[in-house]
C-alpha cells in the first residue's frame with residue numbers, strides 16, 4: 001500500500017498566516033501540521049511509500065519533511081499549477097502509474113484519533129471517511145444507503161441531504177480508478193476535484209463504503225479559528241505537569257502544563273493549564289498564562305503580559321504590559337507595551353472576520369485577532385475583534401486598528417493634532 005498526502009494548496013482562507021509559511025507547517029502544539037500526518041502514517045508497517053504533493057512554498061515543506069524520522073521514505077511530487085485535488089492525484093498517477101491500493105489524505109485536516117489511518121488502511125475495497133457535522137453546507141455531503149454504501153457526494157449544498165460530510169480521507173485502488181482520473185474534467189468551480197473521480201466511479205458501478213467517525217473528532221483547518229480548535233483538541237489530552245525547563249520560586253502552576261527544554265518561567269508568573277510552553281521560551285516575571293494557550297520556541301512573554309486561549313508562534317516578543325486573547329500571533333512578531341487584542345463585541349454576537357473578500361462568522365463569542373509574521377506594533381495599540389494584520393506590517397503607536405491591514409503596510413492614526421500656545 002502507498003499513501004498520498006496532498007500538501008500543495010496556498011491556504012488563502014488562512015491568510016495572513018500563510019503569507020509567511022505554507023499551510024502544512026502551521027504549528028499544532030508547536031509541531032508542524034504535516035508531522036502529525038507523518039507520525040500517523042509511520043505506524044502503518046505495510047505502507048511501502050509516501051507521496052507528498054507540493055507546490056506553494058514547496059522548498060520549505062521538503063526541508064521540514066526530510067527532517068522527520070520517515071523523511072527518507074517520502075517521494076515529493078511538484079503539482080505545479082494548483083488545479084485541484086483531482087489534479088494532484090493525476091500528477092501522482094502520471095509520475096508513478098500502477099500504484100494499486102493507496103491511502104489519500106488532505107494535509108489540512110486534524111484528527112482526535114490518529115490511528116484512523118491505520119484502521120482505514122485495513123478495510124477491504126474502496127473507502128471514504130465521513131463524519132456528522134453541525135454545518136454540512138461548508139463541505140461535501142455524503143449520501144449513503146442503509147449498508148453505508150456511498151450513493152453520491154453533493155458539494156456544499158444549500159439544502160444538505162444529510163449531515164454526513166467528507167473528511168478528505170480515502171482508501172482506494174488507484175488502478176481501478178485510473179480511467180476516471182485521466183478523464184477528469186473541471187467542476188463548476190473550475191477545479192479538477194477528486195470527489196468527481198469518486199462520483200464517476202460510482203456511476204460506473206464501483207462501490208465505495210463510508211466509514212463514519214465520531215462527531216467532533218475531525219477538524220478541517222480551513223480558517224484561522226480552526227487552528228485554535230486543533231490546539232484545544234490536543235490540549236484537552238494533556239495530563240499532569242511536565243517541567244523540562246526552569247520554574248523560579250514564586251511562580252504558580254495549576255492544572256496540566258508542559259514546559260519545554262530551556263524554557264524559563266520567572267517569579268510571580270501564574271500559569272493555569274492546560275498550557276503548552278515550547279523550548280527556550282521565557283515567561284514572566286509576573287505574567288499570566290491562561291488555559292488553552294500554546295507558546296512556541298524562543299518566544300518571550302514578559303512582565304505583566306496576559307495570554308488567554310491563544311497560539312503564539314516562534315520568536316514572538318511581548319515584553320511588557322500586553323493582552324493577547326483568543327488570538328493567533330505568527331512568528332517574529334514584536335508587540336509594543338500596551339498592545340491589546342480585543343476579543344469580545346459589545347453586543348455579545350459572534351465575532352466576524354473577512355475571508356477571501358466575504359464577511360464570515362467565526363461562530364465564536366470570543367475571538368481576537370490574527371497577526372501575521374514579523375509584524376511590529378508600537379506602544380498603546382488596540383486591535384479590534386476579528387481584525388487581521390498582514391505580515392511585515394508596522395502598526396504605529398496609539399492606534400486603534402478597526403480594519404484589516406494588508407501585508408507590508410504602515411498603519412497610523414488619522415487624527416490631526418493641534419497645539420495651542422499657552423496664554424501669558
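Every number here is computed from the coordinates shown, using simple stated rules; none is lab data. Since the structure is predicted, the reported quantities are computational estimates derived from the model, not experimental observations. Positions of Cβ are generated from backbone atoms using ideal geometry, with glycine treated the same way; all protein chains shown enter the neighbour counts.
General remarks:
- The stretch 47-66-the stretch 258-333 distance, computed between alpha-carbon centres (Å): 31
- The tail of the calculated P(r) for the chain beyond 31 Å holds 44 percent of all Cα-Cα pairs.
- The stretch 33-155 - Rg (one decimal) and Dmax (whole number), Cα, Å: 15.7, 46
- Using the Cβ-Cβ distance between residue 118 and residue 229 with R0 set to 22 Å, the FRET efficiency from 1/(1 + (r/R0)^6) comes to roughly 0.40.
- A full extension of the chain between residue 412 and residue 95 corresponds to an added length of 109.0 nm, given 0.36 nm per residue minus the alpha carbon distance.
- Sorted peptide list for 384-397, 130-143, criterion being average Cβ within 10 angstrom, highest first: 384-397, 130-143
- Gain in span if fully extended, residue 159 to residue 239, counting 0.36 nm per residue against the direct Cα distance: 24.6 nm
- Diffusion coefficient of the stretch 1-96 by Stokes-Einstein, Kirkwood radius over Cα pairs, 37 °C, 0.692 mPa s: 241 µm²/s.
- FRET E, pair residue 423, residue 359, Förster distance 51 Å, beta-carbon r, rounded to 0.05: 0.50
- Fraction of C-alpha pairs exceeding 30 angstrom in the stretch 2-222: 17 percent, rounded to a whole number.
- For the stretch 234-411, the spread of Cα positions along each principal axis, largest first, Å: 46, 30, 24
- Theoretical ellipticity at 222 nm over the chain - DSSP helices of four or more residues, -39500 (n - 2.57) apiece, nearest 500: -4500 deg cm²/dmol
- Between helix 224-235 and the chain there is an angle of about 90 degrees, using the helix long axis and the longest principal axis of the Cα atoms.
- Relative packing of peptides 71-83, 89-101, 267-279 - highest average C-beta neighbours within 10 Å first: 267-279, 89-101, 71-83
- For the stretch 45-105: rounded, prolate or oblate by the Cα gyration tensor [a/c cutoff 1.5]: oblate
- Against the main long axis of the alpha-carbon atoms of the chain, helix 85-95 sits at an angle near 60°.
- Mean-position separation - Cα centroids, the stretch 170-229 and the stretch 345-370, in angstrom: 29
- Model label points for residue 60 and residue 182, set 7 angstrom from Cα along the Cα-to-Cβ axis, are 3.8 nm apart.
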